[in-house]
1. It is to be established whether one or more residues within region 83-98 are outside the structural domain of residue 259 (by TED's automatic domain parsing) and among the β-branched types (Val, Ile, Thr).
2. What number of residues within region 176-224 are of a type in the set (S, T, N, Q), surrounded by fewer than 16 Cβ atoms within 10 Å (Cβ to Cβ) and in contact with a strand residue (DSSP E or B) (Cβ under 9 Å, 6 or more places away or on another chain)?
3. Looking at 107, 123, 163, can you tell me which residue is surrounded by 14 or more Cβ atoms within 10 Å (Cβ to Cβ) and out of contact with any helix residue (DSSP H, G or I) (no Cβ under 7 Å at 6 or more places or on another chain)?
4. Could you check region 247-256 and list, in sequence order, the residues that are more than 20 Å from residue 101 (Cβ to Cβ) and either over 14 Å from the mean Cα position of the chain (by Cα) or among the hydrophobic types (A, V, I, L, M, F, W, C) (or both)?
Amino acid sequence: MPNSLKRAYPDVTLRPDDRAPFLTSVERVRMSNAVDAKIQAEAQSESAPQRLAVDVRDISLTFETGDGKVEALSNINLQIAEGEFVSFIGPSGCGKTTMLRVIADLQQPTSGTLLVNGVSAEQARLERRYGYVFQAPALFPWRTIEKNLKLPLEIMGFSDSEQRQRAARYLALVNLTGFERKFPWQLSGGMQQRVSIARALSFDPALLLMDEPFGALDEIVRDHLNEQLLQLWDKTGKTVLFVTHSIPEAVFLSTRIVVMSPRPGRIIDVIDCNFPRGRSLEIRETPEFLKIAQRVRTGLRAGHSYDE
């Protein structure tokens with residue numbers, strides 16, 4: 001992070017430990033072996049380093065075009081732990097979607113190394129370790145909602161009974177039980193995008209890649225889906241990588257925000273968001289939320305994102 005940002009916002013990423021005021025010396029009491037073992041296991045779990053879901057090292061990507069070379073990404077370094085919700089924000093054309101596609105092995109970097117859940121991006125793709133949610137729902141209009149959700153399961157060879165069970169489970173997870181026999185054109189845009197999310201989760205991938213899934217929706221629907229997405233993330237424990245152009249959306253959803261510069265895409269800042277997992281939309285009016293949002297804006301200005 002630039003030193004100017006550190007000086008201007010030294011406390012943005014810090015939040016006092018809520019437990020600190022309650023810590024006090026207490027008389028040691030004897031507990032059963034089972035309780036002792038449980039506390040010891042929890043302590044070890046808290047101190048153990050988190051496994052990396054995505055490990056990006058010096059990734060660069062240059063496209064060869066008829067007009068010459070286009071440098072899309074430049075020296076990207078980023079480590080994302082399992083269970084995080086990380087948002088990418090920056091101006092149009094800065095490489096946010098390109099970075100997501102590189103992680104998904106839909107495009108190959110010119111240089112650098114990349115691991116997804118400890119394996120190469122290609123192996124992660126072949127082993128179907130991620131689900132991808134596009135900007136548009138990409139549902140087949142001639143298939144019912146249930147059959148749209150079942151499509152990846154059919155391709156992967158799941159049994160009919162397993163397909164039905166998973167379709168019911170994930171439609172319930174996105175609050176669409178009862179819409180199984182409807183067609184996409186009978187659902188609102190927000191409902192269609194929820195089907196797309198359910199489909200991406202249907203084969204239980206460890207990683208969920210989301211490319212600005214709510215960008216085309218109105219603010220009211222977007223707010224509602226943001227809350228539902230947080231609930232979904234909390235229930236499933238997935239690692240989520242989320243592309244957005246919305247500062248409030250990035251701050252509300254994320255455990256960390258990656259601020260990117262105009263092309264060639266570089267990381268300007270990485271900002272921690274230490275909000276409770278069960279947060280509601282009202283948190284957007286708090287001083288802590290506004291400080292982080294201002295730091296994102298400052299990072300975008302530092303990268304000249306407002307010049308376009």
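The values are calculated or read from the model by the stated rules, or taken from the named source; none is laboratory data. What you see is a predicted model; the values in this text were computed from it and never measured. All Cβ positions, even for glycine, are placed from backbone atoms using ideal geometry, and neighbour counts span all protein chains on display.
1. There is no residue in region 83-98 that is outside the structural domain of residue 259 (by TED's automatic domain parsing) and among the β-branched types (Val, Ile, Thr).
2. Going through region 176-224 one residue at a time, the tally reaches 0.
3. Values: 107 fails: out of contact with any helix residue (DSSP H, G or I) (no Cβ under 7 Å at 6 or more places or on another chain); 163 fails: out of contact with any helix residue (DSSP H, G or I) (no Cβ under 7 Å at 6 or more places or on another chain).
So the residue among 107, 123, 163 that is surrounded by 14 or more Cβ atoms within 10 Å (Cβ to Cβ) and out of contact with any helix residue (DSSP H, G or I) (no Cβ under 7 Å at 6 or more places or on another chain) is 123.
4. 247, 248, 251, 252, 253 - these are the residues of region 247-256 that are more than 20 Å from residue 101 (Cβ to Cβ) and either over 14 Å from the mean Cα position of the chain (by Cα) or among the hydrophobic types (A, V, I, L, M, F, W, C) (or both).
For every residue, the table says whether it meets (1) of a type in the set (S, T, N, Q); (2) within 20 Å of residue 264 (Cα to Cα); (3) outside the structural domain of residue 173 (by TED's automatic domain parsing).
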site: 103; (1), (2), (3): no, yes, yes
site: 106; (1), (2), (3): no, yes, yes
site: 109; (1), (2), (3): no, yes, yes
site: 113; (1), (2), (3): yes, yes, yes
site: 118; (1), (2), (3): no, no, yes
site: 123; (1), (2), (3): yes, no, yes
site: 134; (1), (2), (3): no, no, yes
site: 145; (1), (2), (3): no, no, no
site: 149; (1), (2), (3): no, no, no
